[in-house]
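Beneath this line is the structure, given in structure tokens, with notes to follow.
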Amino acid sequence: MEENIELEVGTRVEHDRYGEGFVCKNSLTGYEIIFERGGKLSFGKANILKDMKVLEKVEDNEPKLSLDEVTAVLTDILERYAGLSEDVEIADKWVGGTLILKPGNSSQPKEIPIDIFFHKIVMLRDKLRVLEQSVNSHKSLSEQDKVNIQKYITAVYGSLTTFNVLFKDKNAYFVGAGKKDD
């Protein structure tokens, strides 16, 4: 790397050991760089000159992403591909309630706090969403296979609509094939 070069945030670099990365912080004494193989590492400005190769330099006058913009993009990615769920609330009338499972014979009924049951329903819904996204973004499945699997996922959503009574917000409801509000 050439002497006296100043790397702006966003500059793409390559390191022999850590692979490609980008500058995420430029301070008075050094840089923080996020690498694909090494994670976030700090380098002093003197050391970086001998360890890095600049792949794509960002000029100071180029527009930069704000922290809010980066956060929005990462949140979107996590929600889409990692199953990050939004905060879903139970309907007010069920708060503090109990679900009682009473067997048909004379054995002891099982009591479950509704908030625990509700949490399990929300986890099931979130896992279905992740499955749906994984199917839709799968590279090896044909479009016809994706459509066929999606039909089953939609049928499962439809089977779970009974539990919609537990949700405070209608936007969190399970929706089957015949109930979509467009």
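Does the stretch 134-172 hold any residues that are of a type in the set (V, I, T) and modelled with pLDDT of 90 or more, and which are they? Reasoning before the result, please.
Just the residues of the stretch 134-172 that are of a type in the set (V, I, T), to begin with: 135, 147, 149, 153-154, 156, 161-162, 165.
If the condition is that a residue be of a type in the set (V, I, T) and modelled with pLDDT of 90 or more, then V147, I149, I153, T154, V156, T161, T162, V165 are the ones that fit.
If I go through the stretch 140-182 residue by residue, how many of them are hydrophobic (A, V, I, L, M, F, W, C), part of a loop (DSSP other than H, G, I, E, B) and either within 16 Å of I121 (Cα to Cα) or not assigned by TED's automatic domain parsing to the domain that holds D126 (or both)?
Taking the stretch 140-182 first, the residues hydrophobic (A, V, I, L, M, F, W, C) are 141, 147, 149, 153, 155-156, 160, 163, 165-167, 172, 174-175, 177.
So of that shortlist, the ones also part of a loop (DSSP other than H, G, I, E, B) come out as 141, 160, 174-175, 177.
Filter once more, so that each one left must be either within 16 Å of I121 (Cα to Cα) or not assigned by TED's automatic domain parsing to the domain that holds D126 (or both): 160, 174-175, 177.
Final tally of qualifying residues: 4.
Give the stretch 141-167 a look and list any residue that's surrounded by 12 or more Cβ atoms within 10 Å (Cβ to Cβ), of a type outside the set (A, V, I, L, M, F, W, C) and more than 23 Å from the chain's Cα centre (by Cα), or say none.
D145, N148, G158, T161, N164
L124: surrounded by 10 or more Cβ atoms within 10 Å (Cβ to Cβ) and within 23 Å of V88 (Cβ to Cβ), yes or no?
Working: surrounded by 10 or more Cβ atoms within 10 Å (Cβ to Cβ): yes; within 23 Å of V88 (Cβ to Cβ): yes.
Spelling it out, L124 is indeed surrounded by 10 or more Cβ atoms within 10 Å (Cβ to Cβ) and within 23 Å of V88 (Cβ to Cβ).
Give me the pairs, please: first residue somewhere in the stretch 82-106 and in the same structural domain as S134 (by TED's automatic domain parsing) and small (G, A, S), second residue anywhere and at pLDDT 85 or above and assigned to a loop (DSSP other than H, G, I, E, B), beta-carbon distance under 6 Å, and either six or more positions apart or on two chains.
Taking only residues 6 or more apart or on different chains, the pairs are A91/K168.
Mind listing just one residue for me: the one in the stretch 151-180 that is among the hydrophobic types (A, V, I, L, M, F, W, C) and in contact (Cβ under 8 Å) with a residue 60 or more places away in the chain and, of those, nearest to V130 (Cα to Cα)? Give the derivation first.
Looking only at the stretch 151-180, we keep the residues that are among the hydrophobic types (A, V, I, L, M, F, W, C), and these are 153, 155-156, 160, 163, 165-167, 172, 174-175, 177.
Going one step further and asking which of them are in contact (Cβ under 8 Å) with a residue 60 or more places away in the chain, we end up with 165-167, 172.
Values: V165: 23, L166: 21, F167: 20, A172: 15 Å.
Step by step, filter the stretch 151-180, then rank; the result is A172.
Would you tally the residues in the stretch 2-32 being in contact with a Leu (Cβ under 9 Å, 6 or more places away or on another chain) and either in contact (Cβ under 8 Å) with a residue 60 or more places away in the chain or on the phi > 0 side of the Ramachandran plot (or both)?
So the count comes out to 2.
The values are calculated or read from the model by the stated rules, or taken from the named source; none is laboratory data. What you are looking at is a predicted structure, and each value in this text was computed from that prediction instead of being measured. Note that each Cβ is placed from the backbone with ideal geometry, even for glycine, and that neighbours are counted across all protein chains shown.
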